Amino acid sequence: MPPATDAHDGLPTRPDDPRIEVRRSARRKRTVTARVEGDKVVVLMPAGLRRAEERRLVTDMLAKLARSGKRRGSRSSDAELMTRSRELSRRWLDGSAAPTSVRWVPAMTTRWASCSPGSGEIRISETLRDVPAYVLDYVVVHELAHLVVPGGHPPEFWELVRRYPRTERAMGYLEAYSRVLRSGAGATGGGGPDSPGTSGALGGPDSPGGADGEGMDDLIESGD
């Protein structure tokens, strides 16, 4: 019998589906999360759980993913995000940025997006799924530019980013969006450098200073 799948988005619905990967961590104490990576579902949970409890948690996570997909309607997959990124690189960066992967990741507490030039990986927070298309395109172009000009935001970096014609408008949207999310979460933001080994993390609604992510000011080119 083939694995059971959700009719809406093709996600597995049974905990024994071979497309489910469980990753256990001793550092996790209580939280359990799940995300879609390509054609599989990755469930992150604490180490040491009994098999019956692990199976129950996986079932719960699959149900939540299915409900989330139905609420959002047609979900952009990682493959579609990668295709979109390649087109943006071709159109605005002369194809000079060639990421190895571009994928959605669960809502990050300190970032909206990040890029690792060494591996060519780009990660986009689920928080941005509901923003207008031009805003998401700006975020992707910003991260793609880090593959071409790694190591912060020098003038040549912004020269690349500003080839995207709706950069200013997208920056304004993100600045307002950040304020709305901060007011809802009660978080405070601040500027900070990129984390070691990662170039260009777009600061999210509660970006602290330091190595965990960039604040909102890093999304906007200064006049210095």
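The values are calculated or read from the model by the stated rules, or taken from the named source; none is laboratory data. Not measured: the values here are computed from a predicted model. Cβ atoms come from the backbone with ideal geometry, glycine included; neighbour counts cover every protein chain shown. The accessibility values were calculated without ligands, DNA or RNA, using every heavy atom of the protein model including side chains. Shrake-Rupley method; radii C 1.70, N 1.55, O 1.52, S 1.80 Å.
Please go through region 154-189 and give me each residue that is part of a loop (DSSP other than H, G, I, E, B), modelled with pLDDT of 90 or more and out of contact with any Phe, Trp or Tyr (no Cβ under 9 Å at 6 or more places or on another chain), ordered by number.
PRO154, ARG162
Suppose we keep only residues that are touching a residue at least 24 places away in the same chain (Cβ under 8 Å) and open to solvent by less than 40 Å² (accessible area, probe 1.4 Å) within region 37-46. Which one would you say is nearest to ARG67 (Cα to Cα)?
VAL41
I'm trying to understand the selection: among the residues of region 12-23, which are surrounded by fewer than 14 Cβ atoms within 10 Å (Cβ to Cβ) and either of a type in the set (Val, Ile, Thr) or outside any loop (DSSP other than H, G, I, E, B) (or both)?
Of everything in region 12-23, those that are surrounded by fewer than 14 Cβ atoms within 10 Å (Cβ to Cβ) and either of a type in the set (Val, Ile, Thr) or outside any loop (DSSP other than H, G, I, E, B) (or both) turn out to be GLU21, ARG23.
Name the residue that is farthest from ARG169 (Cα to Cα), counting only residues in region 114-138 that are aliphatic (A, V, I, L, M) and part of a strand (DSSP E or B). Break it down stepwise before answering.
Looking only at region 114-138, we keep the residues that are aliphatic (A, V, I, L, M), and these are 122, 124, 128, 131, 133, 135-136.
When the remaining residues are screened for being part of a strand (DSSP E or B), the result is 122, 124.
On the way: ILE122: 22, ILE124: 19 Å.
It comes out as ILE122.
Looking only at region 96-110, count how many residues are out of contact with any Asp or Glu (no Cβ under 8 Å at 6 or more places or on another chain) and over 10 Å from LEU144 (Cα atoms).
1
For region 127-159, how many residues are touching a residue at least 60 places away in the same chain (Cβ under 8 Å), open to solvent by 20 Å² or more (accessible area, probe 1.4 Å) and out of contact with any Asp or Glu (no Cβ under 9 Å at 6 or more places or on another chain)?
1
When the residues of region 93-113 are narrowed to those that are assigned to a strand (DSSP E or B) and either surrounded by fewer than 22 Cβ atoms within 10 Å (Cβ to Cβ) or at positive phi (or both), which ends up modelled with the lowest pLDDT?
At the first step, the residues of region 93-113 found to be assigned to a strand (DSSP E or B) are 101-105, 111-113.
Those still in the list that are either surrounded by fewer than 22 Cβ atoms within 10 Å (Cβ to Cβ) or at positive phi (or both) too: 101, 103-105.
Values: SER101: 94, ARG103: 92, TRP104: 91, VAL105: 88.
Step by step, filter region 93-113, then rank; the result is VAL105.
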